[in-house]
1. How much length is gained if the chain between residue 23 and residue 5 is pulled fully straight, taking 0.36 nm per residue apart and subtracting their Cα-Cα distance, in nm to one decimal?
2. What is the extension gain from residue 94 to residue 15, computed as 0.36 nm multiplied by their sequence separation minus the C-alpha to C-alpha distance, in nm to one decimal?
3. Could you work out the helix-only [θ] at 222 nm for the chain, with each DSSP H run of four or more residues adding -39,500 (n - 2.57) and the total divided by the number of residues, to the nearest 500 deg cm²/dmol?
4. If you take the Cα atoms of the chain, find Rg, then find the Kirkwood Rh from the mean of 1/r over all pairs, what is Rg/Rh?
5. Could you work out how far helix 14-42 tilts from the main Cα principal axis of the chain, as a 0 to 90 degree angle to the nearest 10?
6. If one takes the longest principal axis of the Cα atoms in the chain, at what angle in degrees, from 0 to 90 and to the nearest 10, does the Cα axis of helix 47-64 lie?
7. Return, ordered by residue number, the residues of the stretch 63-105 whose backbone nitrogen is under 18 Å from a label point located 7 Å along Cα→Cβ of residue 34.
8. Go through 13-19, 30-36, 91-97 and give me the packing order, highest mean Cβ count within 10 Å leading.
């Protein structure tokens, strides 16, 4: 689903695709790491805020894909932010299990 977006919509070549997919993967990793720091500082309070950011970035994607570099920047930011909720929810579920169902661990 992402290849047509990068190649057809944003206008990058198939030769550049591997590098761009690698950069997108790095953005997901950085999002996971940032989520860990947010959890340490705020707990899971910021999940709603992050979900709102995902919505805004998705809505902006329709505007930014008209230019290759702005579309790629938006896609990178989107992947960065999308890397956060999964980590946060895992920590939330583990904390709930530890607190309410310690035998489940």
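Throughout, read-outs are computed from the coordinates displayed, never taken from laboratory work. Since we're looking at a predicted model, the values are computed, not measured. We place every Cβ from the backbone using ideal geometry, glycine too, and count neighbours over all the protein chains shown.
1. Going from the current span to full extension adds 5.0 nm.
2. On the way: separation 79, 0.36 × 79 = 28.44 nm, distance 4.18 nm.
Taking 0.36 nm per residue and subtracting the Cα distance, the gain is 24.3 nm.
3. Computed ellipticity for the chain at 222 nm equals -27000 deg cm²/dmol.
4. Expressed as Rg/Rh, it is 1.10.
5. Tilt relative to the chain: about 30 degrees.
6. With rounding to tens, the tilt is 10 degrees.
7. Those under the cut-off are 70-90.
8. Order by mean packing, descending: 30-36, 91-97, 13-19.
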